[in-house]
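Following: one structure in structure tokens, then a few remarks.
The values are calculated or read from the model by the stated rules, or taken from the named source; none is laboratory data. Because the structure is predicted, anything quoted here is derived from the model rather than measured. As a convention, Cβ positions derive from the backbone with ideal geometry for all residues, glycine included, and neighbour counts pool all protein chains shown. Note: accessible area is taken over every heavy atom of the protein model, side chains too, but ligands, DNA and RNA are not part of it. Shrake-Rupley method; radii C 1.70, N 1.55, O 1.52, S 1.80 Å.
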Amino acid sequence: MPEIVVHNTEELADMRKACQLARDVLLYIEEYVTEGISTAELDALCYTYIIEHGGESATLNYNGFPKSICTSVNHVICHGIPGPYKLKSGDIINIDITVILDGWHGDTSKTFLVGKCSKLAEELVKTAERALFIGIEAVKPFGYFGDIGLAIQRFVSNTGFSIVQDYGGHGIGKIFHADPTVLHYNCREKREQILPGMFFTIEPMINVGSHKSKVLNDGWTVVTIDKSLSAQFEHTLAVTDHSVEILTL
Ligand code: MF3
Ligand code: CO
Ligand code: CO
């Protein structure tokens, strides 16, 4: 069984600040997410914002990741590397921000619609956001991590879209990716118990077509094998004595 860290109220106060910075970066970048901007420009803006607010990017140099944010466009599921690609009308782009502030990690992402998108893209993005909130509602102190994936799968299976299984949410805090892995599908196990003081993310990735993924030759970019669209939303959560707090809201 994995060791899942339980944090105290002082640690929660520090974690809140890191998560609020991550949320602020996402709010800040939103107005720049328009046709014609490159993903590298979005990265540079976020980098500067994070530094100017006393934080650092958790993704820059993380296991060799070269940039400060992840930008995952259209059929890219996650871990897209910012570069020269310029957004065009009809694209969807997930921007995933992870910052470190005073040693604590805040991790959040959102999928944006660029210009005029297809009904299918709009539906997918709405479904991914709902899937995240349905997962959050399934979090109960003294419940189980398996409740989260079960709730998300019950919802998504009625939409015709699929849930990525190769990547999950994760414990977070002083460490970026800690135990447990938070599955977004039903694995038919209750898994570990959810306890007050635990910090973790929920970040469902939802595809139009196949749930299967592959990693491109750059070693990072995760794409759908059938090139179908993929959308994702993520929040960092803290379990409290009687409820759950969305730290990146
Ligand atoms: N922020 C991603 C997550 O939600 C992880 C990105 S790691 C990177 O867990 F190296 F790809 F940036
Ligand atoms: Co995460
Ligand atoms: Co993230």
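Couple of notes before you dig in:
- Computed over the range 44-166, the Cα gyration tensor eigenvalues convert (square root of 5λ each) into semi-axes of 27, 22, 12 Å, ordered from largest to smallest.
- Loop GluC sites (Glu not before Pro), the range 141-243 (other Cβ atoms within 10 Å of the site Cβ: 12 or fewer; DSSP): E189
- For the range 1-99, the C-alpha radius of gyration divided by 2.2 N^0.38 Å, with N the number of residues, is 1.20.
- Distance in nm between pseudo-label sites at T240 and A13 (7 Å out along the Cβ direction from Cα): 1.5 nm
- Taking other residues whose beta carbon is less than 12 angstrom from the beta carbon of E234, and scoring Lys, Arg as +1 and Asp, Glu as -1, yields -2.
- Under the criterion of Cα pairs below 8 Å and six or more residues apart, the relative contact order for the chain equals 23 percent.
- Length gained when the stretch E56-E35 is fully extended (0.36 nm per residue, less Cα-Cα span): 4.8 nm
- The range 43-83 - accessible surface per residue (Å², probe 1.4 Å): 41 Å²
- Angstrom value of the Kirkwood radius, inverse mean 1/r, which spans all Cα pairs in the range 17-59: 10.7 Å
- Sites listed here are GluC sites (Glu not before Pro) in the range 24-72 whose DSSP assignment is loop and whose Cβ has at most 13 other Cβ atoms within 10 Å: E31, E35.
- Note that the chain shows a convex hull volume over its alpha carbon atoms of 111 Å³ per residue.
- CD proxy at 222 nm, helix term only [per DSSP H run n ≥ 4: -39500 (n - 2.57); per residue of the chain; nearest 500]: -9000 deg cm²/dmol
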